[in-house]
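What follows is a single structure, written as structure tokens, with notes after it.
The numbers here are math on the coordinates, done by the rules we state, and not lab data. Just so we're clear, the structure is a prediction, and the values are computed from it rather than from any experiment. So basically every Cβ, Gly included, is an ideal-geometry build from the backbone, and we count neighbours across all protein chains shown.
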Amino acid sequence: MKIKEEIKDGIKVIRLSGKVISGPDLMDLKTVFQTSINNDMGNVLLDLGHVAWMDSSGLGVLVSGHTSLAREGGRMAILNATKKINELFIITKLITIFETFTSEDEALASLKE
């Protein structure tokens, strides 16, 4: 898994690619979420457009990041979830928790509210 970070309109955008599966890369993703919280970057946009697969450990990190941000008054939105990832969200009922978008502009606008 590769992680790219940038700030857009005051919102941290995290772009993931590859497989979001258990291993050392997940610790890096946890650190990215924690750094966002520590630096008062309350809202995070997570771009999953180039994620090939995600296992239960990957889902756990997303849920943990979402919960940690919410606890501090922040929000997380999901951008460009692939068909496989979206189906995974539906099966696990996480689709009811995550805000999902296909347009980056719409996602950023929503997170600014």
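Inspect the stretch 56-76 for any residue being of a type in the set (Lys, Arg), more than 11 Å from the chain's Cα centre (by Cα) and either crowded, with 19+ Cβ neighbours inside 10 Å or closer than 20 Å to Asp25 by Cβ (or both) and give the result as yes or no. Talk me through it step by step, then tell me what you get.
At the first step, the residues of the stretch 56-76 found to be of a type in the set (Lys, Arg) are 71, 75.
Those still in the list that are more than 11 Å from the chain's Cα centre (by Cα) too: 71.
If we keep only those that are either crowded, with 19+ Cβ neighbours inside 10 Å or closer than 20 Å to Asp25 by Cβ (or both) too, we end up with none.
Looking through the stretch 56-76, none of the residues is of a type in the set (Lys, Arg), more than 11 Å from the chain's Cα centre (by Cα) and either crowded, with 19+ Cβ neighbours inside 10 Å or closer than 20 Å to Asp25 by Cβ (or both).
Would you check which residues across the stretch 78-104 are out of contact with any Ser or Thr (no Cβ under 6 Å at 6 or more places or on another chain), closer than 20 Å to Val32 by Cβ, aliphatic (A, V, I, L, M) and outside any loop (DSSP other than H, G, I, E, B) and list them?
Scanning the stretch 78-104 gives Leu79, Ile85, Leu94.
What tally of residues in the stretch 1-12 results from selecting those that are without any contact (Cβ under 8 Å) to a residue 60 or more places away in the chain and either crowded, with 18+ Cβ neighbours inside 10 Å or acidic (Asp, Glu) (or both)? Before the answer, list the steps.
Going through the stretch 1-12, the residues without any contact (Cβ under 8 Å) to a residue 60 or more places away in the chain turn out to be 1-7, 12.
Then keep just the ones that are either crowded, with 18+ Cβ neighbours inside 10 Å or acidic (Asp, Glu) (or both); that gives 1, 5-6, 12.
The total comes to 4.
Filter the stretch 64-77 down to the residues that are in contact with a Ser or Thr (Cβ under 9 Å, 6 or more places away or on another chain) and under 17 Å from Ile21 (Cβ atoms) and list them by number.
Gly65
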